[in-house]
Structure formats: structure tokens, C-alpha cells
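Undergrad: The structure that follows is given in the form of C-alpha cells.
The values are calculated or read from the model by the stated rules, or taken from the named source; none is laboratory data. Predicted, not measured: the structure shown is a model, and the values here were computed from it. For neighbour counting, all protein chains shown are included, and Cβ atoms are generated from backbone atoms with ideal geometry for every residue, glycine included.
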Amino acid sequence: MNISQGSVVSTIGGIIDTIVSAIASVIMTIVNTIVTIIVAIFDLIVDILCCRLCTSRRRVGTRGSRFGRRGGTATY
């Protein structure tokens with residue numbers, strides 16, 4: 001059995017590369033999950049704010065048209 005020192009170092013380097021790649025993959029998955037959750041929460045908050053703002057504007061518009069109808073005809 002003839003094992004050179006270069007092949008041992010190469011094998012150790014390959015093992016270290018595999019371990020670092022696995023750790024990096026786990027960290028990337030965790031970061032991706034956290035970012036996805038933050039973006040989903042932000043989208044939910046924006047949706048709620050937009051619905052409330054648009055709904056209040058629509059109500060004001062319908063109230064204004066109702067008052068306009070009660071007031072009779074407009075004079076120009």
C-alpha cells in the first residue's frame with residue numbers, strides 16, 4: 001500500500017470542504033427562512049394598512065355622496 005502525503009492532504013482538504021459546505025448550506029437555509037418570515041409579516045402589515053386606508057377613503061366617499069343626495073339639487 002503506497003499512500004503519498006499529497007493524497008492524504010487532498011483527502012483531508014476534501015473532507016474540510018464538505019463540512020464547510022454543509023454548515024454554509026444550513027446557515028443559508030436558516031437565513032432564507034428568517035427573511036421569508038420577515039417579508040411575509042411585512043406584507044401582512046402593508047395589506048392590513050392598505051385595506052384600512054382604502055376602506056376609510058371609500059366610506060368617506062360614500063358618505064359624501066349620501067349627504068349630497070340629501071341636500072337636494074345643487075345650484076350653479
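Undergrad: Would you mind stating whether residue 37 is modelled with pLDDT of 85 or more, surrounded by 10 or more Cβ atoms within 10 Å (Cβ to Cβ) and over 27 Å from the mean Cα position of the chain (by Cα)?
TA: Answer is no for this residue.
Undergrad: Then there is this: Restricting to segment 1-49, name every residue that is outside any helix (DSSP H, G or I) and of a type in the set (A, V, I, L, M). Spell out how you get there, then give the answer.
TA: Here is the first cut: in segment 1-49, the ones outside any helix (DSSP H, G or I) are 1-4.
1, 3, listed by residue number.
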